[in-house]
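Below is one structure; the comments refer to it alone.
The values are calculated or read from the model by the stated rules, or taken from the named source; none is laboratory data. None of these values were measured; they are calculated from a predicted model. Cβ placement follows ideal geometry from the backbone for every residue including glycine, while neighbour counts extend to all protein chains displayed. Note: areas computed on protein heavy atoms with side chains; ligands, DNA, RNA excluded. Shrake-Rupley method; radii C 1.70, N 1.55, O 1.52, S 1.80 Å.
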Amino acid sequence: MSEDYSDSHLREILTRTRRVAVVGVSMNPVRPSYYVARYLSLKKYEVVPVNPGHAGQMLFGQRVVASLSDIEGGVDMVDLFRRSEHVPPIVDEALEMFPALQTVWMQIGVEHAEAAARARARGVDVVMNRCPKIEYQRLFGELRMGGFNTGVISSKL
């Protein structure tokens with residue numbers, strides 16, 4: 001499955017989004033889910049970390065919750081760091097819990113056409129097999145030569 005998303009569509013999603021539930025976030029700083037959630041929090045998104053194995057712990061100033069149903073208030077976007085086969089019940093829970101949900105975002109390597117169709121049928125935008133951190137950096141001018149911007153000029157990294 002391969003879907004194309006226009007830059008303007010992705011930019012609109014990333015601009016309108018303020019509160020993101022990151023499902024499957026890790027407490028390990030070398031895991032992609034950790035550094036994507038950290039990056040989003042540094043960009044002033046309110047990140048709600050979701051992982052039953054770390055529920056109750058603090059991450060980026062927010063208490064980790066066990067499931068989407070434990071989140072107080074709504075979220076604009078659900079960012080999924082779970083294997084594709086685990087996506088349907090998470091999307092169903094998100095649709096049930098957040099009537100004003102705007103976006104379901106599935107990370108690189110995560111796709112589920114049926115779950116995406118259910119979300120879209122409710123008017124929710126769906127992005128699959130993409131990373132909001134990478135797209136943010138690409139669309140808002142943060143990627144430089146080599147694909148990263150360290151802010152340090154040096155021959156050593």
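From the list 121, 113, pick out the single residue that is over 14 Å from residue 77 (Cα atoms), in contact (Cβ under 8 Å) with a residue 40 or more places away in the chain and surrounded by fewer than 17 Cβ atoms within 10 Å (Cβ to Cβ). I'd like the intermediate steps shown before the answer.
Values: 121 fails: in contact (Cβ under 8 Å) with a residue 40 or more places away in the chain.
Answer to the check: 113.
For the range 132-151, the criterion of being loosely packed, with under 14 Cβ neighbours inside 10 Å, of a type outside the set (D, E, K, R) and at pLDDT 95 or above is satisfied by no residue at all. Can you find a residue that is open to solvent by less than 60 Å² (accessible area, probe 1.4 Å), without any contact (Cβ under 8 Å) to a residue 60 or more places away in the chain and assigned to a strand (DSSP E or B) anywhere in the range 52-59? Yes, the range 52-59 contains a residue that is open to solvent by less than 60 Å² (accessible area, probe 1.4 Å), without any contact (Cβ under 8 Å) to a residue 60 or more places away in the chain and assigned to a strand (DSSP E or B).
Residues of the range 18-45 that are in contact with a helix residue (DSSP H, G or I) (Cβ under 9 Å, 6 or more places away or on another chain), not hydroxyl-bearing (Ser, Thr, Tyr) and not in a helix (DSSP H, G or I): 20, 21, 22, 23, 24, 25, 27, 28, 29, 43.
Please work out if residue 63 is over 26 Å from residue 113 (Cβ atoms), open to solvent by 50 Å² or more (accessible area, probe 1.4 Å) and either in contact with a strand residue (DSSP E or B) (Cβ under 6 Å, 6 or more places away or on another chain) or modelled with pLDDT under 95 (or both). Criteria not met by residue 63. Select from the range 60-112 the residues that are charged (D, E, K, R) and part of a loop (DSSP other than H, G, I, E, B) and write down the one among them that is farthest from residue 129 (Cα to Cα). Per the criteria, the residue is 72. When residues in the range 91-100 are screened for being open to solvent by less than 10 Å² (accessible area, probe 1.4 Å) and either without any contact (Cβ under 8 Å) to a residue 24 or more places away in the chain or within 20 Å of residue 72 (Cβ to Cβ) (or both), 2 of them pass.
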